[in-house]
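The values are calculated or read from the model by the stated rules, or taken from the named source; none is laboratory data. Just so we're clear, the structure is a prediction, and the values are computed from it rather than from any experiment. Positions of Cβ are generated from backbone atoms using ideal geometry, with glycine treated the same way; all protein chains shown enter the neighbour counts. These accessible areas exclude ligands, DNA and RNA; they are computed on the full protein's heavy atoms, side chains included. Shrake-Rupley method; radii C 1.70, N 1.55, O 1.52, S 1.80 Å.
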Amino acid sequence: MANDKARTGAETAGDKKGILLESGTNEFEIVEFSIGNVHYGINVAKVREVIQRAPVTAMPQAHPYIDGLFTLRGKAIPLVNLPRCLNVQSSGEAKNVIVTDINNYGIAFLVENVSRIHRISWKDMEPSPEVGDQSRVVGIVKMSDRIVLLLDFETIIAEINPEINAKLTTVEEATTDTKSLRADVHVVVAEDSAMLRDLLVTTLHDSGYRFVRDFSNGQDAWEYLRNLAAKDGPIENHVGVIVSDVEMPKMDGHRMLKLVRDNERLHEVPFVLFSSLINEEMRLKGESLGASGQISKPEISQLIGLLDHLIFGKPLKKPNEY
């Protein structure tokens, strides 16, 4: 990657671990890449490695974004043609491949050029302007001479893999008594992806959680929670549980979790991290900050079960029982 190519190896792994294990710093790292004259970014925590383009085997009736499969260390990996997916004209040959692990799903993205890694604060990431219903950009980072667009890779994967959408919308039918219990619980949701946020809120409503207040970033969610903390009466009358993504503009989920746990009124409120970044290192960080539970997207059934456990004391099912 230009002068930073070497950092995709051992140095990047060390940097990533350091970032992940720091507590509530509100910082993250992005891998910057380009297609044509447009610069994009992806969270380092989602990147397994960057490789040169490899030969692929075409798959019959594959999604139009998929070029085919290639083998990496004995595992077949789907390759998404990102220029085609984004409908962006490439200025040259797309030669780099970003191999990712998102939502426990190994998938790779073909890009034109991977340039470098940046460490930035979530507060410097601004929400994407509303420029269209199908925008795949969740945030922008302003550099001195360019703008880097942070892509909504979860939405792209959900478009390619219908199983992701199914897991986000399929839950066990609740009994009338269970829905009655859930009906009075106030849920606060923070999720930057518009598609995933809508699916999550709709699924919570369908499950009986009628009172759901959702936000597209951690900063707005925290301001709302801080205002609730200033109200009179038991805090559970105002907020019963918080569900948050990890990576979001302005303030990430870990920083918001730290602020909640440091707040005298809010520190006992159940706080669940629901993110595509839940891996071993991220789980350690969430535990150190006081997360009540952590569920990897898109396992919405497990999330609903965990909420019932935290709020009502219901026994947890094993993941394979959902």
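With every protein chain left in place and a probe of 1.4 Å, what is the accessible surface of residue 186, to the nearest 10 Å²?
60
What is the set of long-range amide H partners of residue 136 at a cut-off below 5 Å, with H atoms built 1.01 Å from backbone N?
Hits under the 5 Å cutoff: none.
Applying a 10 Å radius around every beta-carbon, put 268-274, 59-65, 85-91 in order of their mean neighbour count, most first.
268-274, 85-91, 59-65
Based solely on its DSSP helices, what 222 nm [θ] is calculated for the chain when runs of n ≥ 4 H residues each add -39,500 (n - 2.57) and the sum is averaged over all residues, nearest 500 deg cm²/dmol?
Here the helix-only value at 222 nm equals -9000 deg cm²/dmol.
With a cap of 16 neighbouring Cβ atoms within 10 Å, and only residues DSSP puts in a loop, list the GluC sites (Glu not before Pro) found in segment 157-256.
Passing sites in segment 157-256 are 172, 173.
Tell me which residues come under 5 Å, amide H to amide H, from residue 314 once H is placed; ignore anything under 5 positions away on its chain.
309
Note the full-extension length gain between residue 123 and residue 288 as 0.36 nm times their separation in residues minus their Cα-Cα distance, in nm to one decimal.
57.2 nm
Accessible area per residue for the chain in Å², computed with a 1.4 Å probe and the full protein assembly in place, what is it?
With the other protein chains kept in place, the chain gives 46 Å² per residue.
GluC sites (Glu not before Pro), restricted to segment 26-125: which are DSSP loop and have at most 13 other Cβ atoms within 10 Å?
Filter output for segment 26-125: 93.
List the residues whose amide H sits under 5 Å from the amide H of residue 186, counting only those 5 or more places along or on another chain, with H placed 1.01 Å from N in the peptide plane.
240, 241
In nm, to one decimal, how far is the modelled label at residue 76 from the one at residue 224, with both set 7 Å along Cα→Cβ?
4.3
Across the chain, where is the longest run that never hits trypsin sites (Lys or Arg not before Pro) in a DSSP loop with at most 15 other C-beta atoms within 10 Å?
Longest stretch, sites excluded: 232-316.
Just for the chain, what percent of DSSP beta bridges are antiparallel, to the closest 5?
65
When the chain is modelled as a GNM with alpha-carbon springs shorter than 10 Å, which of 279, 43, 237 fluctuates the most?
Checking each option, the largest mean-square fluctuation is seen for 237.
What list of ³J(HN,Hα) couplings, whole Hz, do you get for segment 26-41 from phi and the Karplus terms 6.51, -1.76, 1.60, once you set θ to phi - 60° and write x for glycine and proline?
Result, ordered by residue: 6, 10, 7, 10, 10, 8, 8, 9, 9, 9, x, 9, 9, 9, 10, x Hz.
Determine by what factor the alpha-carbon radius of gyration of segment 162-317 differs from 2.2 N^0.38 Å, reporting the quotient.
Compactness ratio reported: 0.96.
Holding the Cα-Cα limit at 18 Å, pick out from 75/297; 258/285; 46/297; 95/297; 46/285 the pairs that are longer than that.
Over 18 Å apart, Cα to Cα: 75/297; 95/297.
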